[in-house]
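Derivation of every value follows stated rules applied to the coordinates shown; laboratory data play no part. A quick note: this is a predicted structure, and the numbers were derived from the prediction, not measured. Note: ideal-geometry Cβ built from the backbone for every residue, glycine included; neighbour counts use all protein chains shown.
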Amino acid sequence: MRRGVKARLILPLMMLLNACVPASHSEVATRAVIADGTLPPMKQFAQARPTAPHVSNTALAEDFLDLSFRMESGRALPVLTRFEGPITLRVLGQPPATLGPDLARLLARLRREAGMELREVTGGEASITIQAVNRSQIRRLLPQAACFVVPNVSTLEEYRRTRRSAATDWTRLTERRKLAIFLPNDVSPQESRDCLHEELAQALGPLNDLYRLPDSVFNDDNVHTVLTGFDMLVLRIYNDPALRSGMTRDEVAARLPGILARLNPGGGTVAPRPARATPQVWSRAIQTALGRDVGRNARMSAAQDALRIAQAQGWQDNRHAFSHYAMGRVTQMTDPAAAQTHYQMADTLYARTPGTTLHRAYVATQRAGYAVTIGDGAGALALIEPHLPIAEASENAALLATLMLLKAEALEIEGRGIEARRVRLDSIGWARYGFGSDGAVRAKMKEIAALAPKARRG
């Protein structure tokens, strides 16, 4: 990662099982497209339902220090930096219609759950500028980034002029006074919202990501798409009055026991979990294995490396599970049965790891997709049903729509066509938020319908 930039990487977890057989489109078109050609209106989540964190204060202190005093690249941050006093935000560029409501909901949560003073303004300078630009503008600067945050600038043009200067180097900051977040405006509403949550969290709090954190957006696995209860606690700690900009790691560490006893009183009786550091070589292997612009052989080699490292480290947590998930992703095109073995292993490991219900929902899409391809409707339904409320509570419309569309295909296999059509129709409103354009929604519907044995025989 270039210095001065904290970016949300593109790590595509939402690709569905598409490994089995190419589909004929005669059957798919009649089942996947609404008859009059008009899709139902977009659905949006009305109320956040974060889960209160259940974490030991010993582990939380270690996590907080590792998040706050290191960049994702491994570069050390010499002092804590944050905004001191009230924070203002403004939006520039051409934001999508959904950004305003999503930002308002997020700011309300930050005030309520993190105790932060935040105010949106429409003119003049602001502490934080959110500029909505198109993806190509972001990719020209950072090819692997979906969005990013930079200190001491207010616009993309200003960043272009200063991106190699000391002014935009996080490691040289002593206090945050001005920064900019650059979000894409030509992606799905969910992707824009996901970027908003992650980049604003890092504008207001820690800059690092830790793969060992299962229930956090401060994790490059991109599983969580909105700020969790754990994340709000981290932000509350980061902006606690007992801390200030310019403090060293040792100075912050000395204050943490008192802060945590006050903000997370139950954490004193929770047993700490093992928190081994994550080697950079494993992180790079995972990102290569799940990358978009990498050949299959390179992805396979990287996934194998990630799994070997996880096993050698003795991990029994979400990182080991994620390694099996990556192996499933890279093998499912050539060996679907082997892929399912890896997905099953991932699910087993996630089931043993607290805070990974959403991870299991992602795995369920892969396992249920395979069940649909082999005509096991009952098996697919059993895999899908427990995860529908998880996807909804996590405000992940893309995941929710995917599970619902898979459920519709499973119901068709079971001869329950009326139920299938109702579920399929209900899924589309979520799909419009999760996948964006009507064309993207219709493509996802066709992709999932094509998994069914009947569709492939058409």
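Quick look at the numbers
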quantity: Net charge contributed by nearby residues that have their C-beta within less than 9 Å of Ile130 (K/R +1, D/E -1); calculated: 0
quantity: Enclosed volume per residue, in Å³, of the convex hull spanned by Cα atoms of the chain; calculated: 137 Å³
quantity: Note, ³J(HN,Hα) from phi for segment 117-123, Karplus 6.51, -1.76, 1.60, rounded to Hz, x at Gly and Pro; calculated: 8, 10, 9, 7, 10, 10, x
quantity: Neighbour cut-off at most 16 other Cβ (10 Å), DSSP loop, trypsin sites (Lys or Arg not before Pro), segment 345-440; calculated: Arg352, Arg416
quantity: Charge sum, other residues only, whose C-beta stays under 12 Å from Val363's C-beta, Lys/Arg counted +1 and Asp/Glu -1; calculated: +2
quantity: Computed lengthening from Asn185 to Ala254, 0.36 nm per intervening residue step minus Cα-Cα distance; calculated: 20.6 nm
quantity: Distance between segment 415-458 and segment 241-284 - C-alpha centres, whole angstrom; calculated: 44 Å
quantity: Val133 long-range amide H proximity, modeled H, under 5 Å; calculated: Leu183, Asn185
quantity: Sequence-distant residues sharing a close amide H with Glu120 (under 5 Å, placed H); calculated: Leu89
quantity: Label-to-label distance, nm, for residues given as Arg75 and Glu117 (7 Å Cα→Cβ offset); calculated: 3.1 nm
quantity: All lysines inside 25 Å of Lys43 as judged from Cα atoms, apart from same-chain residues fewer than 8 positions distant; calculated: Lys407, Lys444, Lys446
quantity: The chain, helix-only ellipticity at 222 nm - DSSP H runs n ≥ 4, -39,500 (n - 2.57), divided by all residues, nearest 500; calculated: -16000 deg cm²/dmol
quantity: Once exposed loop GluC sites (Glu not before Pro) are cut out (DSSP; at most 12 other Cβ, 10 Å), longest piece of the chain; calculated: 126-458
quantity: Rg [Å, one decimal], Dmax [Å, integer] - segment 57-269, C-alpha atoms; calculated: 16.5, 51
